[in-house]
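Q: I am attaching a structure below and will ask some questions about it afterwards.
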């Protein structure tokens, strides 16, 4: 028997899964019905204890080809864990993965009640533990810090285009998901992946045709170095930003960001295209949002969340830059907005031949 102890004092009882260690993290929930492997390997979850709202997790086991990056989350909460997966691609059960990666978790927990509390009170800290602590100050004082520095790679590396090269892209790794690279490669882009703390002069000196700003974890305002370097790069080349990249671009251009009450996490977030007037279903994973009004006169809001009205995309026409909060590269889906990669490639080619 073990416990999930929330910073407001509410306690949930369950059974241990994964690594047998106590850990504090920021408690969040994701509404995806599938894609738990992509969730577990998304670096954007650094520092967080993730609650899956879908009642059974692990039914198709572990498929390493579907990993999106390294596991950086701090804990994993499920209603029911499948111990006998059934899928021809499965290599081993999910619990073996959690143990091997040192991720503690709980099963048999009332995940619906956890989500109700989080939706009403907002994101809060929590602890997975064997004994309920008498003093909750350690839980309440926890903060996710140095997230991008922790998950970003230390060395640059090169990924060639699939087939004939059309464009060369510099991807800044704030915690990049693998499918961003694959989405560019299959459109004829060679990709050089740069660590988050690479100076702007080094990236621009490599003469890319465009710059891709990846997803990543944590509070965007914490990344003062990255914001400063983006100020030097935006406007020099076509720029496409996703998730944290969207937020950092806004901050670099003088905008502001705000922490959402409980964030958007899952593969069913409706987003309205303010130009075309249609609505897309998108995959998202973020706890912060750009304040569109703070960029008045600098950029134009292009997408808006149909549920809460928060900003989901910005266009900066004079800077050759556009960014989105959602994931057009989403794996395991949906992929309604993958056309944004085509738009990025088109802009790079137009600027090359201008």
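The values are calculated or read from the model by the stated rules, or taken from the named source; none is laboratory data. Treat the numbers as computed from the prediction; the structure is a model and nothing was measured. With ideal geometry, Cβ positions are generated from the backbone for all residues, glycine too; neighbour counts draw on all protein chains shown.
Q: Of everything in segment 24-60, what is at pLDDT 95 or above and either over 16 Å from residue 103 (Cα atoms) or outside the structural domain of residue 112 (by TED's automatic domain parsing) (or both)? Give them in sequence order.
A: Those that are at pLDDT 95 or above and either over 16 Å from residue 103 (Cα atoms) or outside the structural domain of residue 112 (by TED's automatic domain parsing) (or both): 29, 30, 53, 54, 55, 56, 59, 60.
Q: Is there a residue being surrounded by fewer than 18 Cβ atoms within 10 Å (Cβ to Cβ), at pLDDT 95 or above and farther than 21 Å from residue 42 by Cα anywhere in segment 168-175?
A: No, the conditions are met nowhere in segment 168-175.
Q: Across segment 315-339, what is the total count of residues that are touching a strand residue (DSSP E or B) at 6+ places or on another chain (Cβ under 9 Å), under 13 Å from residue 273 (Cβ atoms) and in a helix (DSSP H, G or I)?
A: 0
Q: Could you grab me the full set of residues in segment 207-244 that are free of Cβ contacts under 8 Å to residues at least 60 places away in the same chain and closer than 16 Å to residue 351 by Cβ?
A: 207, 208, 211, 233, 236
Q: While we're on this one: Given the options 112, 116, name the one that is without any contact (Cβ under 8 Å) to a residue 60 or more places away in the chain and within 17 Å of residue 76 (Cα to Cα).
A: 112
Q: Could you tell me whether segment 257-274 includes any residue that is over 15 Å from residue 215 (Cα atoms) and not in a strand (DSSP E or B)?
A: yes
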